[in-house]
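Scroll down for the structure; my scribbles are underneath it.
The values are calculated or read from the model by the stated rules, or taken from the named source; none is laboratory data. Quantities reported herein were computed from a predicted structural model and do not represent experimental measurements. Cβ sites come from the backbone with ideal geometry, for glycine too, and all protein chains shown count toward neighbours.
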């Protein structure tokens, strides 16, 4: 019984955040992804893990995508897009990545819980997940859990939208899936 209550708490909180997220984000972010020559994903901690999910799904959908910090990540250049995932928008190494990407002529977008932040000021576009009033201390969901889980759900629905809009067959996506597992 206690486990079901905790599950419902998490689902209710994620639903509240997603309900408070602008519906226009999906089309606007899809357009930026489609315009990019290549896509670079950056995050720190659990936000980096959410970014890894996004990178994998974008690769499955046929985008040229890299994760910042991996040994095989190429140099960013004009025409590229850096997608930074940061709940606070103030993580020092992500600020540095944002500045570096912009200095090389790449576009930068921020996916965040806080639309006013250092990275937001540097970004070309900011996509707040939820609104400040839906975040707060939640027993059992510490240290940004609400942001990360809500962002993961938002980004998975974004990928679903892209797959649907582009008519990408699952067989095509499966052909891009790792086979050295």
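For this structure, a couple of remarks:
- In the stretch 1-27, residue surrounded by the fewest Cβ atoms within 10 Å (Cβ to Cβ) [restricted to those that are outside any helix (DSSP H, G or I) and touching a residue at least 24 places away in the same chain (Cβ under 8 Å)]: 22
- Evaluation of residue 134 against the conditions (1) farther than 18 Å from residue 29 by Cβ; (2) surrounded by 15 or more Cβ atoms within 10 Å (Cβ to Cβ); (3) out of contact with any helix residue (DSSP H, G or I) (no Cβ under 6 Å at 6 or more places or on another chain); (4) in contact (Cβ under 8 Å) with a residue 60 or more places away in the chain shows that the sole unmet condition is (3).
- Test for residue 49: is it over 20 Å from residue 125 (Cβ atoms), in a helix (DSSP H, G or I), modelled with pLDDT of 95 or more and out of contact with any helix residue (DSSP H, G or I) (no Cβ under 7 Å at 6 or more places or on another chain): yes
- Within the stretch 52-80, the set of residues being over 22 Å from residue 166 (Cα atoms), within 16 Å of the chain's Cα centre (by Cα) and crowded, with 20+ Cβ neighbours inside 10 Å comprises 68 only.
- Take the conditions (1) under 15 Å from the mean Cα position of the chain (by Cα); (2) surrounded by 12 or more Cβ atoms within 10 Å (Cβ to Cβ); (3) without any contact (Cβ under 8 Å) to a residue 12 or more places away in the chain; residue 31 misses just one of them, which is (2).
- When the stretch 34-51 is filtered for residues that are surrounded by 16 or more Cβ atoms within 10 Å (Cβ to Cβ) and out of contact with any strand residue (DSSP E or B) (no Cβ under 9 Å at 6 or more places or on another chain), only 46 remains.
- Among the residues making up the stretch 81-121, those that are surrounded by fewer than 16 Cβ atoms within 10 Å (Cβ to Cβ) and out of contact with any helix residue (DSSP H, G or I) (no Cβ under 6 Å at 6 or more places or on another chain) are 92, 93, 96, 99, 100, 103, 104, 105, 115, 116, 121.
- Residue check for residue 147: without any contact (Cβ under 8 Å) to a residue 60 or more places away in the chain and under 18 Å from the mean Cα position of the chain (by Cα): no
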